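J.: I have a structure here, written as structure tokens, and I will follow up with some questions on it.
The values are calculated or read from the model by the stated rules, or taken from the named source; none is laboratory data. Since the structure is predicted, the reported quantities are computational estimates derived from the model, not experimental observations. Backbone-built Cβ (ideal geometry, glycine too); neighbour counts: all protein chains shown.
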Amino acid sequence: MLYHGRPVPDAELHAGTAPSDTVGEPVADITASTGADGIGRIPLATAGLWNVRLWHGAPAGEPDWEVHAATLVFNVAGAGHRH
């Protein structure tokens, strides 16, 4: 995660799968944090439609804050494919 072009360490990421009739049960939310480089790693152990979400708050002058949100949605192929 970058904010104004700089890495954001310790940003909390949340990820999970969407319910599907063709792929098993949804995965319970997984939580991870970004490292000093702003990169977070989430294990994708299940095929299906995934989403990764994060929020970041930054001071915007007293007493206000800016809150930014991002969501990434993508598909993970079934067994036998390398990711």
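J.: Out of (1) modelled with pLDDT under 90; (2) in contact with a strand residue (DSSP E or B) (Cβ under 8 Å, 6 or more places away or on another chain); (3) surrounded by fewer than 10 Cβ atoms within 10 Å (Cβ to Cβ), the odd one out for Ala69 is which?
T.: So the condition that Ala69 fails would be (1).
J.: Would you check if Gly35 is in contact with an Asp or Glu (Cβ under 9 Å, 6 or more places away or on another chain), within 18 Å of Leu2 (Cβ to Cβ) and loosely packed, with under 13 Cβ neighbours inside 10 Å?
T.: Here the answer is no, as Gly35 does not meet what is asked.
J.: Then there is this: Does Leu54 fit the bill of being of a type in the set (A, V, I, L, M, F, W, C), touching a strand residue (DSSP E or B) at 6+ places or on another chain (Cβ under 6 Å), under 14 Å from Pro7 (Cβ atoms) and assigned to a strand (DSSP E or B)?
T.: In short, yes.
J.: Next up: Which of the numbered conditions does Thr22 fail, given that it passes all the others? Conditions: (1) at pLDDT 90 or above; (2) outside any strand (DSSP E or B); (3) out of contact with any Pro (no Cβ under 9 Å at 6 or more places or on another chain).
T.: (1)
J.: A further question on this structure: Can you name the residue in the range 38-58 that is surrounded by 15 or more Cβ atoms within 10 Å (Cβ to Cβ) and closer than 14 Å to Asn75 by Cα and is also modelled with the highest pLDDT among such residues?
T.: Val52
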